[in-house]
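Peer 1: So that we are looking at the same thing, I have put the structure below in structure tokens.
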Amino acid sequence: MGTKDKYAIVGVGYTPQGSVRGRTTLSFHLEACANAIEDAGLTGKDIDGLICYRHFPAATGEPDVTPYLVAQYLGLDPAHLSQDAN
């Protein structure tokens, strides 16, 4: 069975890049996801899956950023969570 009509990339979320004073790794993930959801014209209830790109070691004093943590902070309850890298 093919994937036609089953998957779609529907939003893009940008954030500032590089070392930005006063920002945490988690805050960048949350901002990018919120921007992508808004760009797609969706709400949190429309989201059934979340894939976070690449795992980076947590900065000192910060929590480990996982797809579960991102979903939790965004108030999402997706059926599918994943972390991927190329």
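Peer 1: Order these peptides, 62-73, 43-54, by their mean beta-carbon neighbour count within 10 angstrom, highest first.
Peer 2: 62-73, 43-54
Peer 1: Summing +1 for each Lys or Arg and -1 for each Asp or Glu, what net charge is found among the other residues whose Cβ lies under 14 Å from the Cβ of His80?
Peer 2: For residues surrounding His80, the net value is -3.
Peer 1: Further question on the same structure: Can you list the HN-Hα couplings for region 74-80, worked out from phi with the Karplus curve (6.51, -1.76, 1.60; θ = phi - 60°), rounded to whole Hz and with x for Gly and Pro?
Peer 2: Whole-Hz 3J(HN,Hα) from phi for region 74-80: 7, x, 9, 10, x, 6, 10.
Read the figures in this text as sums done on the coordinates, not as results from a lab. Predicted model only: the values in this text are computed from it and were never measured. Glycine also receives a Cβ, built like all others from the backbone with ideal geometry; neighbour counts cover every protein chain displayed.
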